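Comments concern the structure below.
The values are calculated or read from the model by the stated rules, or taken from the named source; none is laboratory data. Bear in mind that the values here come from a model prediction, so they are computed numbers and not experimental data. Heads up, the Cβs are rebuilt from the backbone with ideal geometry, glycines too, and the neighbour counts pull from every protein chain shown.
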């Protein structure tokens, strides 16, 4: 498999963790989101992924998968061991809801093109942009914290004591939060789980600084 | 089952369509997102869903499911007929990628609290807010259009000739687009599928105007 990835992209980071947890090897295909006006907009990359977003996963047969959560669900279906979703439908729904609380409520507000629209089109200041970033991360993680503390199924990880899709989404979001100096002392359960995840090689080896295109 | 819903919420609209496609009946529990400062912030509702978002689905045993896509995946697992995902892993990944292209790339930028932040906190004008709304809908749907026209698996619906999770996400997004007068003539495949969906009772009966809390 080939993973089209940018070291700092948290959606790429999610798929790197999922691949590592499942022990799958792949060729790392760097796509620089800033250089050359954004390599994701090149004709070659657009032919692979018309959305001009990373990550994209290319299978041996040439087929291309996009959208990090769809890729992770696909890996779960085609390489089920070890599982990243619990066995029971209610547990699976809880893990997916935690993952989507990050993927739909926090991350989309803070990606590169949204921040660019704020500063370039709406003319907001750097400080206002950073406040926007922190607002969505801090309030969004507060919701995740409440979901975690109010449910007995939370363990060393978001759901029990083994990593699931929820942890796979959580860790990259915390990296983003730390990069933008977001407040995190109000989400102790989130941070406890984050720190535990980073003791595992699949998470530690997938961080931006460990990637071949890291700067 | 009880569905906590707001007639105009497109995330609620998605779950209404999925329930209807599967022929499942439910009690409609209206949650008004504007009245009384937003009923989703009431202590009673927060006890059900700490995220203060609609929809939430409550099962007969009292368990509560949140996040529209997690709810739809749960329905797919617990009430598999008729399926809302194709049988093959590659097809399932494609349908999920289409759904997530709407759920993660378009809708989060246009929900109520984000629009409120733009006007109240950042002080942007009504006109700038509407331009923001249309920008993300029009560019996001253009990506969806490209994904549809570039793939032979597109049929009368997004994936083949029967409704899937992708159609379930598409129709509510078009309702939002039309409400904000977005340009739609650049996405003819999207609109062809949208209009076909609305000929089906499961879609037509789930539209905002047909809900008990419609205004």
Quickly run through the stretch B:124-158 and pick out the residues that are in contact (Cβ under 8 Å) with a residue 24 or more places away in the chain and under 14 Å from residue B:192 (Cβ atoms). B:141, B:144, B:145, B:148, B:149, B:154, B:156, B:157, B:158
Considering only the stretch A:27-35, I want to know if a residue exists there that is touching a residue at least 40 places away in the same chain (Cβ under 8 Å), surrounded by 15 or more Cβ atoms within 10 Å (Cβ to Cβ) and farther than 21 Å from residue A:169 by Cα. yes
Among the numbered criteria (1) within 14 Å of another protein chain (Cβ to nearest Cβ); (2) more than 22 Å from residue A:151 (Cα to Cα), which one does residue B:36 miss? (1)
Residues in the stretch A:150-160: is at least one closer than 21 Å to residue A:108 by Cβ, under 18 Å from the mean Cα position of the chain (by Cα) and surrounded by fewer than 23 Cβ atoms within 10 Å (Cβ to Cβ)? no
Starting from residues that are closer than 16 Å to residue A:96 by Cα and under 14 Å from the mean Cα position of the chain (by Cα), keep the ones in the stretch B:84-107 and report whichever is farthest from the other protein chains (Cβ to nearest Cβ). B:99
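Please indicate, with yes or no, whether at least one residue in the stretch A:112-125 is crowded, with 23+ Cβ neighbours inside 10 Å and in contact with a helix residue (DSSP H, G or I) (Cβ under 6 Å, 6 or more places away or on another chain). Full working, then the answer.
Going through the stretch A:112-125, the residues crowded, with 23+ Cβ neighbours inside 10 Å turn out to be none.
No - not one qualifying residue is present in the stretch A:112-125.
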Considering every residue within the stretch A:98-110, establish whether at least one is touching a helix residue (DSSP H, G or I) at 6+ places or on another chain (Cβ under 7 Å), at pLDDT below 95 and closer than 19 Å to residue A:7 by Cβ. yes
Right, residue B:21: in contact with a strand residue (DSSP E or B) (Cβ under 6 Å, 6 or more places away or on another chain), more than 14 Å from chain A (Cβ to nearest Cβ), under 27 Å from residue B:178 (Cβ atoms) and at pLDDT 95 or above or not? no
Could you check the stretch A:172-206 and list, in sequence order, the residues that are in contact with a helix residue (DSSP H, G or I) (Cβ under 7 Å, 6 or more places away or on another chain) and part of a loop (DSSP other than H, G, I, E, B)? A:180, A:182, A:183, A:184, A:186, A:187, A:198, A:205, A:206
Whether any residue in the stretch A:76-91 is farther than 19 Å from residue B:92 by Cβ and surrounded by 22 or more Cβ atoms within 10 Å (Cβ to Cβ) is what I want to check. no
Residue check: is residue B:147 at pLDDT 95 or above and over 23 Å from residue B:6 (Cα atoms)? yes
Can we say residue A:175 is surrounded by fewer than 22 Cβ atoms within 10 Å (Cβ to Cβ), under 14 Å from the mean Cα position of the chain (by Cα) and away from chain B (no Cβ under 11 Å)? yes
Sort out which residues of the stretch A:47-66 are surrounded by fewer than 19 Cβ atoms within 10 Å (Cβ to Cβ) and free of Cβ contacts under 8 Å to residues at least 12 places away in the same chain, and write them in order of number. A:47, A:61, A:62, A:63
Looking at the stretch B:53-80, which of its residues are within 7 Å of another protein chain (Cβ to nearest Cβ), out of contact with any strand residue (DSSP E or B) (no Cβ under 7 Å at 6 or more places or on another chain) and closer than 19 Å to residue B:104 by Cβ? B:67, B:69, B:70, B:73
